[in-house]
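Read through the structure below, which is laid out as structure tokens, and then see the notes.
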Amino acid sequence: MRAIVVNTPGGSAALEPAELPDPVPGPGEVLVDVAASGVNFIDVYHREGRYPLPVPFVPGSEGAGTVAAVGEGVTDVVVGDRVGWAQVLGSYATKIVIPAEKAIVLPAGLSPDLAAAVLLQGLTAHYLTHSTYAIRQGDHVLVHAAAGGMGLLLTQIAKLRGARVIGTVSTSEKEKLARQAGADEVIGYENFADEVKKITGAGVDVVYDGVGAATFDGSLASLRPRGMLALYGGASGAVPPLDPQRLNTAGSVFLTRPSLTHYIADRDELLWRAGDVLGWVASGALKVHVSQRYPLAEARRAHDDLEARRTTGKLLLIP
Ligand SMILES: NC(=O)c1ccc[n+]([C@@H]2O[C@H](COP(=O)([O-])OP(=O)(O)OC[C@H]3O[C@@H](n4cnc5c(N)ncnc54)[C@H](OP(=O)(O)O)[C@@H]3O)[C@@H](O)[C@H]2O)c1
């Protein structure tokens, strides 16, 4: 099979196209011919060694395709099924073996392309809005990087739950996309906490912050007393260690650093969230904005674009 391999963590040059032996599914596993792999910021963290992995490894955590073979004991999924997955390393490849318990059978009519574009970020937006902080009708919500892969989904799902959404973006093109996704107010990053206070008075109920280092202080300052900062990533870099007293002075606020792994803790939880997300896509309630499709061999270009803030919505690699 063809794949992208990281032999030595580092910049995007670490993503090397390679030929590897076809994988074989063991007991409880499924072999999939990959139709599309999603590009996510976590792939950058893996590639650069911020989240260290044993080398060599094939990066990529998300994709969709057609089941080509099943291992012993697999009954839920059969050859020919179209499936998607999130959080299975090795997705930047033409073939992948995934645990059957992570396979999500796609509803009829949903293309693998679209599934690969929405699963990981859609599941994340689902748990952030339904579980980490369960948005209630009328809540004020701040979504950073509102035109990004996560941002467009978070904005739409927060609106589905009845929130008033403020989004941050860096360009006018991104502002337009955030507004199309339903953001009520779209602002720049400069002095954003002051803007948020002007709009809301007391501050927002929750901040969804995947930007990290650059926005953290302003995010704390944007909260109402007893609000919640869900710091779910660090696209601009990791947030330095902090004195818990800062949560007191910010208004007895809550800080959490959640991860998808802990919110799809078992198959029931995975299928609940995936069922909601794919159902919204099928009904048209959730729009998936795929901005760029790159040939698999051009994974480097995809990472360069993502890290340079040149992208909006979702990036896919097509084998
Ligand atoms: N914890 C979890 O379970 C989980 C799961 C999925 C994703 N995530 C996190 O979600 C975040 C977004 O991921 P994504 O794949 O959807 O990416 P993305 O939001 O499409 O891309 C990152 C965006 O962040 C903004 N940004 C601000 N400062 C930046 C900087 N210095 N460098 C790069 N980008 C910067 C940019 O938008 P502007 O130009 O508008 O600022 C950029 O387009 C990441 O932090 C990722 O780790 C977390």
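For segment 11-68, the set of residues classified as of a type in the set (Gly, Ala, Ser), in a loop (DSSP other than H, G, I, E, B) and surrounded by 14 or more Cβ atoms within 10 Å (Cβ to Cβ) consists of GLY49, GLY60, SER61, listed by residue number.
The sole residue among ALA230, ALA213, ALA235, ALA202 that is surrounded by fewer than 19 Cβ atoms within 10 Å (Cβ to Cβ) and under 22 Å from ILE42 (Cβ atoms) is ALA213.
A search for C-beta distances below 8 Å between a residue of segment 166-184 that is more than 21 Å from GLY284 (Cα to Cα) and any residue that is exposed (fewer than 14 other Cβ atoms within 10 Å of the Cβ) and not small (Gly, Ala, Ser), counting only pairs 6+ apart in sequence or on different chains, returns nothing. Of all residues in segment 74-86, those satisfying the criterion of being open to solvent by 50 Å² or more (accessible area, probe 1.4 Å), outside any strand (DSSP E or B) and in contact with a strand residue (DSSP E or B) (Cβ under 9 Å, 6 or more places away or on another chain) are ASP76, VAL78, VAL79. Taken together, the residues in segment 294-319 that are within 15 Å of the ligand (Cβ to nearest atom) and either surrounded by 21 or more Cβ atoms within 10 Å (Cβ to Cβ) or on the phi > 0 side of the Ramachandran plot (or both) amount to 11.
When GLY188 is tested against (1) open to solvent by less than 10 Å² (accessible area, probe 1.4 Å); (2) under 17 Å from VAL211 (Cα atoms), only condition (1) is not met.
Checking the stated criteria, SER259 turns out not to satisfy the condition of being among the hydroxyl-bearing types (Ser, Thr, Tyr), farther than 29 Å from GLY227 by Cα and either free of Cβ contacts under 8 Å to residues at least 24 places away in the same chain or open to solvent by 30 Å² or more (accessible area, probe 1.4 Å) (or both). Of everything in segment 181-209 that is away from the ligand (no atom under 16 Å from the Cβ) and among the acidic types (Asp, Glu), the residue that is farthest from the chain's Cα centre (by Cα) is ASP194. Taken across segment 72-89, residues that are within 16 Å of the ligand (Cβ to nearest atom) and among the acidic types (Asp, Glu) do not occur at all. Once segment 221-258 is narrowed to residues that are of a type in the set (A, V, I, L, M) and assigned to a helix (DSSP H, G or I), the residue that is farthest from the ligand (Cβ to nearest atom) is LEU247. The set of residues in segment 101-143 being of a type in the set (Ser, Thr, Tyr) and open to solvent by 30 Å² or more (accessible area, probe 1.4 Å) consists of SER111, SER131.
Within segment 165-220, the set of residues being small (Gly, Ala, Ser) and part of a strand (DSSP E or B) comprises just one member, GLY167. No other residue among SER236, SER219 is within 20 Å of the chain's Cα centre (by Cα) and over 13 Å from VAL141 (Cβ atoms) apart from SER236. Quick check on segment 278-293. Is at least one of its residues outside any loop (DSSP other than H, G, I, E, B), more than 16 Å from the ligand (Cβ to nearest atom), crowded, with 17+ Cβ neighbours inside 10 Å and over 15 Å from the mean Cα position of the chain (by Cα)? So far as segment 278-293 goes, yes, one or more of its residues are outside any loop (DSSP other than H, G, I, E, B), more than 16 Å from the ligand (Cβ to nearest atom), crowded, with 17+ Cβ neighbours inside 10 Å and over 15 Å from the mean Cα position of the chain (by Cα).
Within segment 178-198, being closer than 22 Å to VAL118 by Cα and touching a strand residue (DSSP E or B) at 6+ places or on another chain (Cβ under 7 Å) holds for ALA178, ARG179, GLY182, ALA183.
Residues of segment 97-153 that are more than 19 Å from ALA285 (Cβ to Cβ) and part of a strand (DSSP E or B): VAL97, ILE98, PRO99, VAL105, HIS140, LEU142, GLY148.
Pairs meeting the criteria (first residue in segment 105-122 and of a type in the set (Ser, Thr, Tyr), second residue within 16 Å of the ligand (Cβ to nearest atom) and not in a helix (DSSP H, G or I), beta carbons under 9 Å, at least 6 apart or on different chains) are SER111/ALA36. When segment 144-180 is filtered for residues that are of a type in the set (A, V, I, L, M, F, W, C), more than 8 Å from the ligand (Cβ to nearest atom) and open to solvent by 20 Å² or more (accessible area, probe 1.4 Å), the ones remaining, listed by number, are LEU160, LEU177.
The values are calculated or read from the model by the stated rules, or taken from the named source; none is laboratory data. Just so it is clear, the structure is predicted and the values come from calculations on it, not from any experiment. As a convention, Cβ positions derive from the backbone with ideal geometry for all residues, glycine included, and neighbour counts pool all protein chains shown. Please note that ligands, DNA and RNA were not included when accessible areas were found on the heavy atoms of the full protein model with its side chains. Shrake-Rupley method; radii C 1.70, N 1.55, O 1.52, S 1.80 Å.
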